[in-house]
Amino acid sequence: MRATRADMLSRDLYAILGVSADASDEEIEAVYRHLSRRYHPGINPGDAGAALAFERIESAYRVLGDPESRAEYDVDAQSGPGRPPEGSTGSGISVEAAEGEGGSFRHLFSDLRDHAERANPRRGEDLHARLTVPLLQAERGRRTAIEVRRLIRCQNCNGLGRLPGRRSSPCSRCQGTGQETFRKGALSVTCKCADCAGEGLQYGSACPQCHGSGLNSSTQAVPVQTPAGVADGQVMRLPGLGHHGPQGGPPGDLLITCQVQSHPEFERHGPNLHCTVKVSAAEAVLGARIPVLVPTGANQTLRIPPGTRNGQVLRLRGRGLPMSGGRQGDLVVTVELWVPELVDEDAKALIREFGERTGTPPRPHSEHDTVKS
């Protein structure tokens, strides 16, 4: 459908879409699709402000979206045909000035969006909490509970902030007019008041329990199932367990940051646990069986093979962290050779004899030996 000449000359169509006069056809198409989706009556049922904005957007695109109509409009605009006199254009929007109209549209759309958010129940804010997970339970996961303090819908007024009744008072926002007017530069848009739904009156009385907010603070224990293999700093999202929205709006989400607790004996590497054990020189040379602490809190026998060296790594299969599916990680043990202080001359003599028999006699030294470079 071709736009009429009156449509083309009655307003700054580029400003309505918020684009410059030299915008490309692709840019105009993209902006139009974005704005038409935002202010479509099907998405904003009963919102007069959005309906008016949608009407203006459609009217502008009928001209600028057609190359022939756009060219004709540009020529007429350059010849300065003028604008209609100040006042209503029949759509509830007043054109008062030509300067800065593009910025006025952007600000107006922002106000209309805020109005739509007030007219419709808003989603509550997300709630953030921390959960400490013991190291030995991190890999398998566990079921626990976390205590949070959240805003919930007032049960006394069902989240509306007012108690039902015949008593009425003028709406504090629109002063009883039932309308809200937004004026930005060249535009003036009047919409139904979002607080009183256009009636101009607020019925009943303010709820004494929530003081008209529709929300009360409550401390609750929320059950939490930590996932298997949870990592330090991992965030879990529990939908609908955040703060409730005002005026009966839906709740936000609960975001839990997991903090995996360290352990004095073990270091976690995925499902495996690492630790260090000290063995004596005799145990390292001859071999031994020594007790080692495992995640269950009990002691497990670890075999030290004869000739074990310092720093050698041994592994106890299936003694690490429990995993999902019934499997279990390993306990990885690093051997640290423990050397005692020798103060007994007989012990020193035995060590020298051991060195001589194994072909590793101690090297001679004295307190006056120096290292030469």
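The values are calculated or read from the model by the stated rules, or taken from the named source; none is laboratory data. On a predicted model such as this, the values are computed, not experimentally measured, just so you know. When we count neighbours, we look across all protein chains shown, and the Cβ atoms used for this are built from the backbone with ideal geometry, even at glycine.
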Worksheet item: Do you know which residues across the range 169-187 are assigned to a strand (DSSP E or B), modelled with pLDDT under 80 and out of contact with any helix residue (DSSP H, G or I) (no Cβ under 9 Å at 6 or more places or on another chain)?
Response: Ser169, Pro170
Discussion item. Please verify whether Leu255 is surrounded by fewer than 17 Cβ atoms within 10 Å (Cβ to Cβ), closer than 30 Å to Gly161 by Cβ and of a type in the set (A, V, I, L, M, F, W, C), treating the condition exactly as stated.
Written reply: yes
Discussion item. Considering only the range 140-157, I want to know if a residue exists there that is more than 25 Å from the chain's Cα centre (by Cα), modelled with pLDDT under 85 and either in a strand (DSSP E or B) or surrounded by fewer than 15 Cβ atoms within 10 Å (Cβ to Cβ) (or both).
Written reply: no
Worksheet item: Name the pairs whose Cβ atoms lie under 8 Å apart, with the first residue in the range 52-70 and basic (Lys, Arg), the second part of a helix (DSSP H, G or I), and 6 or more positions between them or separate chains?
Response: Arg56/Ile16; Arg62/Asp7; Arg62/Ser69; Arg70/Val63; Arg70/Leu64
Fill in: helices (runs of 4 or more DSSP H) contained entirely in the range 10-74, each with at least 2 residues that are modelled with pLDDT of 85 or more and either out of contact with any Pro (no Cβ under 6 Å at 6 or more places or on another chain) or under 22 Å from Arg183 (Cβ atoms) (or both)
25-39, 48-64
Fill in: Yes/no for Thr308 being touching a residue at least 24 places away in the same chain (Cβ under 8 Å), touching a helix residue (DSSP H, G or I) at 6+ places or on another chain (Cβ under 7 Å) and more than 20 Å from Gly229 (Cα to Cα)
yes
Worksheet item: Within the range 239-258, can one find any residue that is in a loop (DSSP other than H, G, I, E, B), free of Cβ contacts under 8 Å to residues at least 40 places away in the same chain and under 30 Å from Asp195 (Cα atoms)?
Response: yes
Worksheet item: Has the range 357-367 got any residue that is modelled with pLDDT of 85 or more, loosely packed, with under 12 Cβ neighbours inside 10 Å, out of contact with any Asp or Glu (no Cβ under 8 Å at 6 or more places or on another chain) and not in a strand (DSSP E or B)?
Response: no
Worksheet item: Has the range 228-246 got at least one residue that is under 21 Å from Asn156 (Cβ atoms) and surrounded by fewer than 18 Cβ atoms within 10 Å (Cβ to Cβ)?
Response: no
Worksheet entry | Some residue of the range 273-282 being among the hydrophobic types (A, V, I, L, M, F, W, C), closer than 25 Å to Gly141 by Cβ and in the same structural domain as Ile146 (by TED's automatic domain parsing) | no
Worksheet item: Before we move on, is Pro305 over 28 Å from Arg140 (Cβ atoms) and at pLDDT 90 or above?
Response: yes
Practice prompt. Inspect all residues belonging to the range 204-226 and state whether any of them is modelled with pLDDT of 80 or more, surrounded by 15 or more Cβ atoms within 10 Å (Cβ to Cβ), under 20 Å from the mean Cα position of the chain (by Cα) and assigned to a loop (DSSP other than H, G, I, E, B).
Written response: yes
Worksheet item: Of all residues in the range 267-276 being closer than 15 Å to Glu336 by Cβ and in contact (Cβ under 8 Å) with a residue 40 or more places away in the chain, which is farthest from the chain's Cα centre (by Cα)?
Response: Thr276
Worksheet item: Residues of the range 158-178 being surrounded by 14 or more Cβ atoms within 10 Å (Cβ to Cβ) and without any contact (Cβ under 8 Å) to a residue 24 or more places away in the chain, which ones?
Response: Arg173, Thr177, Gly178
Worksheet item: List the pairs whose first member sits in the range 278-292 and is among the basic types (Lys, Arg), whose second member is surrounded by 15 or more Cβ atoms within 10 Å (Cβ to Cβ) and outside any helix (DSSP H, G or I), and whose Cβ atoms are under 9 Å apart, counting only residues at least 6 apart or on separate chains?
Response: Lys278/Val335; Lys278/Leu337; Arg289/Leu302; Arg289/Ile304
